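Okay, so here's the structure we're looking at.
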Amino acid sequence: GTIHVMEHPLIEHKLTLMRDKRTGTKEFRALLQEVAMLMAYELTRSLPLAEVTIETPVTNAQFRVIAGKTLALVPVLRAGLGMLDGILNLIPAAKVGHVGLYRDHDTLQPVEYYCKLPSNLQERDVIVVDPMLATGGSASAALTVVKRHGAVHPKLMVLVAVPEGIKKIQTDHPDVDIYTAAIDEGLNEKGYIVPGLGDAGDRLYG
Ligand code: HSX
Ligand code: HSX
């Protein structure tokens with residue numbers, strides 16, 4: 001898949017504020033939703049349009065509306081929820097599914113603990129949403145889940161990615177395009193993204 005780094009001064013500025021450890025929970029939450037909305041704006045740039053006839057108060061004429069499949073957003077619990085409302089601000093008609101994953105302490109493998117997805121996933125444009133792509137274990141597992149429920153060529157939208165996680169997704173899911181606001185240096189010994197912004201779930205929810 002292709003990796004798209006969504007470069008925009010507003011996205012970069014807000015992400016920098018989020019990286020600052022002095023930024024508190026309330027502001028961090030607001031910034032993540034704002035960045036998610038801006039990323040959704042960029043990501044939807046290539047949506048196909050179709051001609052429709054519209055009766056204006058003056059005349060009938062041809063105009064264009066978004067065509068094709070309804071979007072389905074799948075935030076990975078729990079940090080993915082931090083981006084959901086921002087995206088829904090722009091795409092209110094999107095369907096939403098939830099996938100919950102935790103890491104098993106013995107096997108270190110992601111384990112699915114919750115899964116509720118919209119019907120007819122095979123007919124939708126599915127976007128898996130999670131702020132951090134670190135080792136890639138969680139996102140890869142979430143993509144496997146949505147594919148098992150029918151998703152075709154789902155997309156992955158993250159805030160910060162590292163080369164390790166990108167490589168994992170490209171190996172496990174070569175059909176998946178990744179959209180990120182930044183590619184950071186790498187992972188430290190604890191699996192945290194460097195320089196990163198810490199644990200997104202903890203910074204969102206404490
Ligand atoms: C980590 O993310 C582990 O798999 C945890 O179980 C999971 C927790 O994420 P969050 O609830 O903080 O978003 O990689
Ligand atoms: C964080 O850990 C994020 O929200 C993701 O769910 C996960 C990323 O870690 P990894 O599975 O890519 O290593 O809580």
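No value in this document is a laboratory result; all are computed from the given coordinates. These numbers come from a predicted model, not from an experiment. Cβ sites come from the backbone with ideal geometry, for glycine too, and all protein chains shown count toward neighbours.
Restricting region 193-203 to residues that are more than 9 Å from ligand 2 (Cβ to nearest atom) and buried (at least 17 other Cβ atoms within 10 Å of the Cβ), the residue that is nearest to residue 4 (Cα to Cα) is 196. Which pairs have Cβ atoms under 7 Å, sit 6 or more apart or on different chains, and link a residue in region 40-57 that is assigned to a loop (DSSP other than H, G, I, E, B) to one that is surrounded by 10 or more Cβ atoms within 10 Å (Cβ to Cβ)? Between residues of region 40-57 that are assigned to a loop (DSSP other than H, G, I, E, B) and residues that are surrounded by 10 or more Cβ atoms within 10 Å (Cβ to Cβ), the close pairs are 47/66; 48/67; 48/68. The set of residues in region 24-38 being over 14 Å from residue 90 (Cα atoms) and either touching a Lys or Arg at 6+ places or on another chain (Cβ under 8 Å) or aliphatic (A, V, I, L, M) (or both) consists of 25, 28, 30, 31, 32.
Test residue 143 against the criterion of being touching a His at 6+ places or on another chain (Cβ under 7 Å), away from ligand 2 (no atom under 14 Å from the Cβ), over 16 Å from residue 36 (Cα atoms) and hydrophobic (A, V, I, L, M, F, W, C), and give yes or no. The answer is no for residue 143.
Among the residues that make up region 83-104, is at least one of them over 28 Å from residue 182 (Cβ atoms), within 16 Å of ligand 1 (Cβ to nearest atom) and not aliphatic (A, V, I, L, M)? For region 83-104, residues over 28 Å from residue 182 (Cβ atoms), within 16 Å of ligand 1 (Cβ to nearest atom) and not aliphatic (A, V, I, L, M): present. Taking interchain pairs and intrachain pairs at least six residues apart, which have beta carbon atoms under 8 angstrom, with the first residue in region 97-108 and within 12 Å of ligand 2 (Cβ to nearest atom) and the second charged (D, E, K, R)? Hits for this filter: 99/112; 100/78; 100/112; 101/112.
Hydrophobic (A, V, I, L, M, F, W, C), surrounded by fewer than 19 Cβ atoms within 10 Å (Cβ to Cβ) and either free of Cβ contacts under 8 Å to residues at least 60 places away in the same chain or closer than 19 Å to residue 35 by Cβ (or both): does that describe residue 133? Don't jump to the end; show me each part of the working.
Details: hydrophobic (A, V, I, L, M, F, W, C): yes; surrounded by fewer than 19 Cβ atoms within 10 Å (Cβ to Cβ): no; either free of Cβ contacts under 8 Å to residues at least 60 places away in the same chain or closer than 19 Å to residue 35 by Cβ (or both): yes.
Judged against the criteria, residue 133 is not a match.
Of the set (1) surrounded by 10 or more Cβ atoms within 10 Å (Cβ to Cβ); (2) of a type in the set (Lys, Arg); (3) in a loop (DSSP other than H, G, I, E, B), all apply to residue 21 but (1). Which of the residues that make up region 165-177 are within 13 Å of ligand 2 (Cβ to nearest atom) and farther than 15 Å from residue 141 by Cα? Hits for region 165-177: nothing passes. Determine if region 111-122 includes at least one residue that is more than 18 Å from the chain's Cα centre (by Cα) and either crowded, with 17+ Cβ neighbours inside 10 Å or of a type in the set (Gly, Ala, Ser) (or both). Yes; the residues of region 111-122 include at least one that is more than 18 Å from the chain's Cα centre (by Cα) and either crowded, with 17+ Cβ neighbours inside 10 Å or of a type in the set (Gly, Ala, Ser) (or both). Between 67, 30, 61, 93, the distinction of being of a type in the set (A, V, I, L, M), closer than 19 Å to residue 131 by Cβ, more than 16 Å from ligand 2 (Cβ to nearest atom) and surrounded by fewer than 17 Cβ atoms within 10 Å (Cβ to Cβ) belongs to 30 only. Looking only at residues in region 170-192 that are closer than 17 Å to residue 79 by Cβ and aliphatic (A, V, I, L, M), the one that is surrounded by the fewest Cβ atoms within 10 Å (Cβ to Cβ) is 187. Just checking, which of 145, 162, 152 is in contact (Cβ under 8 Å) with a residue 24 or more places away in the chain, surrounded by 17 or more Cβ atoms within 10 Å (Cβ to Cβ) and over 22 Å from residue 11 (Cβ atoms)? Testing whether each residue is in contact (Cβ under 8 Å) with a residue 24 or more places away in the chain, surrounded by 17 or more Cβ atoms within 10 Å (Cβ to Cβ) and over 22 Å from residue 11 (Cβ atoms) leaves just 145.
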